[in-house]
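A quick write-up on the structure given underneath.
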Amino acid sequence: MKQRLHRLPDTPHKIARGVFAGVFAVFTPFFGLHFLLAFLLAKLMRGNAIAALLATFVGNPLTYVPIGVICMKMGHFMLGTTFDPHHERSFVGKFFDAADDLWRNFLALFTERDANWDALIRFWHDIFLPYLVGGIVPGIVAGTVAYYVMLPMVAAYQHRRRGKLKAKLEELRR
């Protein structure tokens, strides 16, 4: 992945902006949409879209838990709220309750059941909104670090690659 990222046919700044967009997208609660979000952010920032898509692999099963914990804690801090896992349902339980609410409310469209949005509202206030708000600061920090790490790496790699190609061309001319 690193070599593919370095061989992208774009300037180091555009590639690094794409990496920023991809890393930032990982810090959002829009699971399943990180590729789309990274692509849109890269286009908005005039970064490399392929670099953004590749950079979303920063989010993986090993990193999603620490990212989620950081974002949730930061979000609750920024919003002035707290998450009490012993109150009502656990963290995972709130996900299940929200999914159950969605399913039951979908069925309510076709039956005589009443729609009840209580679990989704709790999920919004306890999980989604803090994750969304709390992901902004660590996302910007991680994206900025990724930008400044990738910029000289890509520039050096492209410079060295150009030198090698130039030497090869000189050898072929002789």
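Hey, does the range 112-135 have a residue that's under 30 Å from PRO12 (Cβ atoms), open to solvent by 60 Å² or more (accessible area, probe 1.4 Å) and in a helix (DSSP H, G or I)?
Within the range 112-135, the first condition is being under 30 Å from PRO12 (Cβ atoms), and the residues that meet it are 135.
Still in the list and also open to solvent by 60 Å² or more (accessible area, probe 1.4 Å): none.
No: the range 112-135 contains no residue that is under 30 Å from PRO12 (Cβ atoms), open to solvent by 60 Å² or more (accessible area, probe 1.4 Å) and in a helix (DSSP H, G or I).
Could you please tell me which pairs satisfy a Cβ distance under 8 Å, a separation of 6+ or placement on different chains, a first residue in the range 40-64 that is assigned to a helix (DSSP H, G or I), and a second residue that is aromatic (Phe, Trp, Tyr) and surrounded by fewer than 19 Cβ atoms within 10 Å (Cβ to Cβ)?
Once the first residue is assigned to a helix (DSSP H, G or I) and sits in the range 40-64, its partners that are aromatic (Phe, Trp, Tyr) and surrounded by fewer than 19 Cβ atoms within 10 Å (Cβ to Cβ) give LEU53/PHE35; THR56/PHE35.
Assuming ARG104 fulfils every condition listed in (1) open to solvent by less than 80 Å² (accessible area, probe 1.4 Å); (2) over 26 Å from ARG17 (Cβ atoms) apart from one, which condition is it?
ARG104 satisfies all of (1) open to solvent by less than 80 Å² (accessible area, probe 1.4 Å); (2) over 26 Å from ARG17 (Cβ atoms) except (1).
Applying the selection to the range 139-174, what residues are β-branched (Val, Ile, Thr) and touching a Leu at 6+ places or on another chain (Cβ under 9 Å)?
Restricting attention to the range 139-174, the residues satisfying the condition of being β-branched (Val, Ile, Thr) are 140-141, 144-145, 149, 154.
Correct list: VAL154 only.
Looking at (1) open to solvent by less than 70 Å² (accessible area, probe 1.4 Å); (2) part of a helix (DSSP H, G or I); (3) free of Cβ contacts under 8 Å to residues at least 60 places away in the same chain; (4) β-branched (Val, Ile, Thr), which is the one condition that is false for THR81?
(2)
The values are calculated or read from the model by the stated rules, or taken from the named source; none is laboratory data. Small disclaimer: the values here were computed from a predicted structure and weren't measured. As a convention, Cβ positions derive from the backbone with ideal geometry for all residues, glycine included, and neighbour counts pool all protein chains shown. In case anyone asks, the SASA skips ligands and DNA or RNA and just uses the protein heavy atoms, side chains included. Shrake-Rupley method; radii C 1.70, N 1.55, O 1.52, S 1.80 Å.
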